[in-house]
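Heads up, the thing below is written out as structure tokens.
What follows is calculated from the coordinates using simple rules that are stated; it is not laboratory data. Everything quoted here is computed from the prediction, not taken from an experiment. Quick reminder, even Gly has a Cβ in these numbers, built from the backbone with ideal geometry, and neighbours come from all protein chains shown.
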Amino acid sequence: MKKLSLILLAAACLASCRGEDLRDDFAEMGGVRCVVKGRSTLVYNPVSCQMSFNRERREFRVCRDNMADFYSLKLSAIPAENGQKLSGDVQWTTSDNLNRKKNVGFEVVRNEAGKFWLWSGSLRLGVIVQVLD
């Protein structure tokens, strides 16, 4: 029984460390994108994608021109600074699914020139958004 407890504790520690690695990797990424468990689901390309921002609704959207893939994020507040905690509803597509999560906790882990890197450790999900004026 003691061995099983140690194995479970070690597995939990490894999973936690991997989550931190994913956050650090995400914070180093460039471009506007949605990342789930270390894999980009959609990367904004101005040639084949559209990006929108609604300040009043605090909503960010990115989609392919053919509307096949997208992600959207509606936040409790407009991101402003590193360390800021926000909550929001997020949707994103994968090759075979539409995913929706409500009331997700995010932290601003990086900001640069109107772009914000938002990370959810619980979902291991990161979204890079750009405030458009």
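The value given for the range 48-91 is a Kirkwood hydrodynamic radius of 11.3 Å, derived from the mean inverse Cα-Cα separation. Each label point was placed 7 Å from the Cα along the Cα-to-Cβ direction; for Arg110 and Leu98 their separation is 3.1 nm.
Applying both filters, DSSP loop and at most 14 other Cβ atoms within 10 Å, to the GluC sites (Glu not before Pro) of the range 53-133 gives Glu56, Glu81. Spin-label model, Glu28 to Val131: label points 7 Å out along the Cα-to-beta-carbon direction sit 2.8 nm apart. Ratio of Rg to Rh for the range 2-130: 1.03 [Cα atoms; Kirkwood radius as inverse mean 1/r over pairs]. Between Asn54 and Leu123, the C-beta separation translates, for a Förster distance of 25 Å, into a calculated FRET efficiency of about 0.60.
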